[in-house]
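Structure, as structure tokens:
None of the figures in this text is laboratory data; all of them are computed from the coordinates on show. What you are looking at is a predicted structure, and each value in this text was computed from that prediction instead of being measured. For neighbour counting, all protein chains shown are included, and Cβ atoms are generated from backbone atoms with ideal geometry for every residue, glycine included.
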Amino acid sequence: MVKKKASPDKDRCVACGVCALQCPRKAINIYRGCYAVVELEKCVGCGICSKACPANAITINEINQEVANG
Amino acid sequence: MAKNKVKRHWYEYLWIWSIVYFALGFFNILFAWLGMIDFILPLIFAIVGGNKWFCNHMCGRGQLFWVLGRNMKCSRGKAAPAWLSSKWFRYGFLIFFLTMFGTMVFQTYLVFSGAGTLRKAIKLFWTFKVPWQWAYNGSLFPDWVAQFGFGFYSLMLTSTLIGLIVMVLYKERTWCTFCPMGTMTQGICKLKNNDK
Ligand code: SF4
Ligand code: SF4
Ligand code: SF4
């Protein structure tokens, strides 16, 4: 099944944490002050984080659920 | 929408502090020293904890941009040009900022050593002098303490104004993409992570 998921770009992320504060599902963590990481199981692909991100580092991609869950 | 039960923490209201700070410094420049908290705390979090908890949860300035930009709709919410959050601009701005900080400390030293005299003015955007003499009428501290206050307040006010401008033009917290403290703390965290 294809689902929408947030995917932050490690290289562009400034680790400000705005996305994590805004995510209604608490799906984002700032990994050791370096970059944002999304827990794919929690993410519903709403795009709120992407709209809030000042660095425009988050894209919402359609990904294959089977692959995502590994 | 706003009524969903989210637990509120005291540190979510620190945006109020960032307004109070400028008000206090307007009446007495010695209060400018309190801004050092916003310099030292994020560094302690980054150096000791290896995280950006300060930026992520308790920076009053970042919160202020969000409150004004999103809640009060003062931001266009448009994507900023990519170069504004590019590595060369971020580190370039950090170096510029630190140089200016160094200049400010040197001016304080001149007053300390007696080679310079206290100037009761603040400087906006490192260029425009604004008289601020009402904010200081002498104290039991030596003059250099007040000189640092004027210099530091100038730095804080200038950076907040830049932040407000990019908040209006672009996304709410665009300032955070090139904020010197943000760049520095992320840099420290990245260095710490490579060590492991
Ligand atoms: S897309 Fe929505 S649910 Fe997914 S991380 Fe972003 S804000 Fe959270
Ligand atoms: S809002 Fe954007 S820049 Fe900030 S932590 Fe999230 S992904 Fe990174
Ligand atoms: S990047 Fe700067 S303004 Fe933004 S949260 Fe961090 S210290 Fe505050």
For this session: Of the numbered conditions (1) more than 14 Å from ligand 3 (Cβ to nearest atom); (2) within 14 Å of another protein chain (Cβ to nearest Cβ), residue A:30 fails exactly one; give the number of that condition.
Result: (1)
Seminar exercise, completed: Inside segment B:45-58, the number of residues satisfying the requirement of being facing chain A (nearest Cβ under 9 Å) and touching a residue at least 40 places away in the same chain (Cβ under 8 Å) is 7
For this session: Select from segment A:33-56 the residues that are more than 22 Å from residue B:58 (Cβ to Cβ) and small (Gly, Ala, Ser) and write down the one among them that is nearest to ligand 3 (Cβ to nearest atom).
Result: A:50
Exercise. For the subset of segment B:163-192 comprising residues that are touching a Lys or Arg at 6+ places or on another chain (Cβ under 8 Å) and of a type in the set (S, T, N, Q), which member is farthest from residue A:34 (Cα to Cα)?
Worked result: B:177
For this session: Would you point out which residue out of B:157, B:169 is touching a residue at least 40 places away in the same chain (Cβ under 8 Å) and either surrounded by fewer than 18 Cβ atoms within 10 Å (Cβ to Cβ) or of a type in the set (D, E, K, R) (or both)?
Result: B:169
Exercise. If you take just the helices (runs of 4 or more DSSP H) that sit entirely in segment B:92-196, which of them hold at least 1 residues that are among the small types (Gly, Ala, Ser) and more than 14 Å from chain A (Cβ to nearest Cβ)?
Worked result: B:143-169
Problem set entry | Those residues of segment B:3-21 which are surrounded by fewer than 16 Cβ atoms within 10 Å (Cβ to Cβ) and under 25 Å from residue B:140 (Cβ atoms), in sequence order | B:20
Exercise. Restricting the first residue to segment A:5-27 and requiring it to be more than 9 Å from ligand 1 (Cβ to nearest atom), which pairs with a second residue that is basic (Lys, Arg) and part of a loop (DSSP other than H, G, I, E, B) meet a Cβ separation below 7 Å and a spacing of at least six or different chains?
Worked result: A:15/B:52; A:16/B:173; A:17/B:52; A:18/B:173
Problem set entry | Qualifying positions in segment A:49-62 - within 13 Å of ligand 2 (Cβ to nearest atom) and either farther than 13 Å from residue B:171 by Cβ or in contact (Cβ under 8 Å) with a residue 60 or more places away in the chain (or both) | A:59, A:60
For this session: Quick one: in segment A:10-31, of everything that is under 15 Å from residue B:12 (Cβ atoms) and within 7 Å of ligand 2 (Cβ to nearest atom), which residue is surrounded by the fewest Cβ atoms within 10 Å (Cβ to Cβ)?
Result: A:20
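Residue by residue, here is whether (1) surrounded by 12 or more Cβ atoms within 10 Å (Cβ to Cβ); (2) more than 16 Å from ligand 2 (Cβ to nearest atom); (3) free of Cβ contacts under 8 Å to residues at least 60 places away in the same chain holds:
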| position | (1), (2), (3) |
| --- | --- |
| B:80 | yes, no, no |
| B:85 | yes, no, no |
| B:92 | yes, yes, yes |
| B:96 | yes, yes, yes |
| B:99 | no, yes, yes |
| B:102 | no, yes, yes |
| B:107 | yes, yes, yes |
| B:113 | no, yes, yes |
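For segment B:71-86, give me each residue that is facing chain A (nearest Cβ under 8 Å) and either β-branched (Val, Ile, Thr) or assigned to a helix (DSSP H, G or I) (or both).
Across segment B:71-86, the qualifying residues are B:82, B:85.
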